[in-house]
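What follows is a set of notes on a single structure, which appears directly below.
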Amino acid sequence: MAGRAGGSTGRPPLTERRRAETRMEIAEEAVRLFVAQGVAATTAEDIASSAGVSTRTLWRYFRSKEECVRPLLTTGLEILTKSLKDWEGDCSLAEAIMNVHHGGAVGARVEALRDLVRLCRDEPGLRAVWLEAHYDAEAAFAAMIADRTDRPADDLAVRLEAGVLNTALRIGVEDWALRSDQSAGPSLGETNTRALRMIARISETEAPAPSGTGSHTEG
């Protein structure tokens, strides 16, 4: 009975929540250590010890020390996916995302995310994780677009829409993280909204017909 009541709340089981919390704790400690002493000088044992888990547990969750940061990169996508489950497709996905409020989950870790994105500039291992996370995000966006618009996920237009949206979000996060005027500049949410509005305006512009279309059918 207790288990059924817990399931009715829509929250994941306790073990699943605890697993996600552990992964996030490892991610935050990994970023902290990478910033403090460098990626090369930080070992998996250092990260595990700082996060209060065994090295064996760390390797059960992650394939490399660089991949330990992945939960920080995927939290936003998970929030978006859950928030957009009722998106009906009567507006663009970009517009739907602009109406999503990320809340405390991202806000509480915004500084760690900024530090991580900055590290990705000079650390190939972290940059690979960053790009892989966005590759997966693009597939998730394509699936959402396909599902809501009754088109196949491998349709060229669907993939392009997902790719443009994903790129806008990635560049928005990078622009926010790499700015030198953090105190005076717009927040992460404001920067991403600005990027998405740019994409929405581009999408509203009708693409010109291919040059030469029909020119060889006459005469």
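The values are calculated or read from the model by the stated rules, or taken from the named source; none is laboratory data. Quantities reported herein were computed from a predicted structural model and do not represent experimental measurements. Don't worry about glycine lacking a Cβ; one is built from the backbone with ideal geometry, like all the others, and counts go over all protein chains shown. The accessibility values were calculated without ligands, DNA or RNA, using every heavy atom of the protein model including side chains. Shrake-Rupley method; radii C 1.70, N 1.55, O 1.52, S 1.80 Å.
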- Item | When residues of segment 138-164 are limited to those that are open to solvent by less than 10 Å² (accessible area, probe 1.4 Å) and touching a residue at least 24 places away in the same chain (Cβ under 8 Å), the one farthest from residue 191 (Cα to Cα) | 145
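Could you list all residues from segment 165-191 that are polar (S, T, N, Q) and open to solvent by 20 Å² or more (accessible area, probe 1.4 Å)?
We begin by selecting, within segment 165-191, every residue polar (S, T, N, Q); these are 166-167, 180, 182-183, 187, 191.
The answer is 167, 180, 182, 183, 187.
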- Message: For segment 14-60, which positions are surrounded by fewer than 16 Cβ atoms within 10 Å (Cβ to Cβ) and within 17 Å of residue 74 (Cβ to Cβ)?
- Response: 16, 17, 19, 20, 21, 25
- Item | Matching entry among 75, 15 (being within 30 Å of residue 167 (Cα to Cα), in a helix (DSSP H, G or I) and of a type in the set (Val, Ile, Thr)) | 75
- Restricting segment 126-137 to residues that are open to solvent by 30 Å² or more (accessible area, probe 1.4 Å) and within 19 Å of residue 34 (Cα to Cα), which is nearest to the chain's Cα centre (by Cα)? 131
